[in-house]
Amino acid sequence: MIGHLRRIGVVRVQTLLNFSFKATIEAQMLISNTHSAAVAASPLLQSVHGDGNSRQNLRRNQIGDNVSKKDKIKFLITTLLDLNDSKDSVYGALDAWVAWEQIFPIASIKQVLIALEKEQQWHRIVQVIKWMLSKGQGTTMGTYAQFIRALDMDHRAKEAHEFWLKKIGRDLHSVPWQLCNRMISIYYRNNMLENLIKVWFAACHLLLDMENQMCVMSLLCLLGNYHSQSACHTFSLFCRKLWFSINS
């Protein structure tokens, strides 16, 4: 009987903590629509006393520390899905959410992005990644590929092209072939054929420099999916001429 009462007490305490965390985050979101997360969290920072141990004291006094990582992620996903289509609202919610963290929660953000992908919330994914990049976080080829895909699915080919030129297309040595293929597909579907040829030619040169003939043939087959049989034959002849001209 005593053990049962204790379990009920623990459940009630955890429920109160979760409710308090939610209420606090929602209050911070209202502030963060016009101010940064640091400003929103300043009253909490000012309430902590001490010098060397102030950061540790802050961690112990945060309600968010008593809420599981899974619940925090679930809360953010639900919040993002419910928000209206406003950059300020989305950025404010994200700023308030990370205000609890001493280290940027990149792993949690990636889980949020995966969940949004399952819901096909491409416009929201674009907003979240833009916010993350504005913080200097997630500057990896994996994030760039996810961003390009979201822009593509959100029918924003011009923006995908601009991002490709700015962040990716200058040096293809570290760019996965799948991402090059994504851009080729975007250019083809949006009748941006000049850019298509530029990416294809640059990727082809890189693959030939690597002396990987199988990759070249794979590239050719993928391009053939976008063209008629006669066009594919023309591409095949061009690829052979390019191969022999470089290796002669």
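Every read-out reported here was derived from the displayed coordinates using simple, explicitly stated rules and does not represent laboratory data. Given the structure is predicted, the values throughout are model-derived calculations rather than measurements. Backbone-built Cβ (ideal geometry, glycine too); neighbour counts: all protein chains shown.
Sorting Trp177, Trp100 on the 10 Å Cβ count, fewest up front, what's the list?
Ascending number of Cβ neighbours within 10 Å: Trp177, Trp100.
Can you work out the PRE-style zone for Asn190? Point 7 Å along Cα to Cβ, and I want the residues of segment 100-123 with backbone N under 17 Å.
Taking a point 7 Å out along Cα→Cβ of Asn190, the residues of segment 100-123 whose backbone N falls under 17 Å are 122-123.
Fewest to most neighbouring Cβ within 10 Å: what's the order for His161, His123?
His123, His161
Tell me, what are the semi-axes, in whole angstrom and largest first, of the equivalent ellipsoid of segment 130-206 as set by the roots of 5 times the Cα gyration tensor eigenvalues?
Gyration-tensor ellipsoid for segment 130-206: 20, 15, 9 Å.
Please give, to one decimal in nm, the separation of the simple spin-label points placed at Asp171 and Asp71, each 7 Å out from Cα toward the Cβ.
4.6
Contour minus end-to-end for Met153 and Ile114, with contour as 0.36 nm per residue of separation and end-to-end as the Cα-Cα distance?
12.6 nm
Using Stokes-Einstein with the Kirkwood hydrodynamic radius over Cα pairs, what translational diffusion coefficient do you get for segment 86-174 at 4 °C and a viscosity of 1.567 mPa s, in µm²/s rounded to a whole number?
D = 95 µm²/s.
Over segment 63-189, what is the relative contact order in percent, taking alpha-carbon pairs closer than 8 angstrom and at least six residues apart?
18
Can you figure out the FRET efficiency of Thr139 with Ser86, using R₀ = 30 Å and their beta-carbon distance, to the nearest 0.05?
0.75
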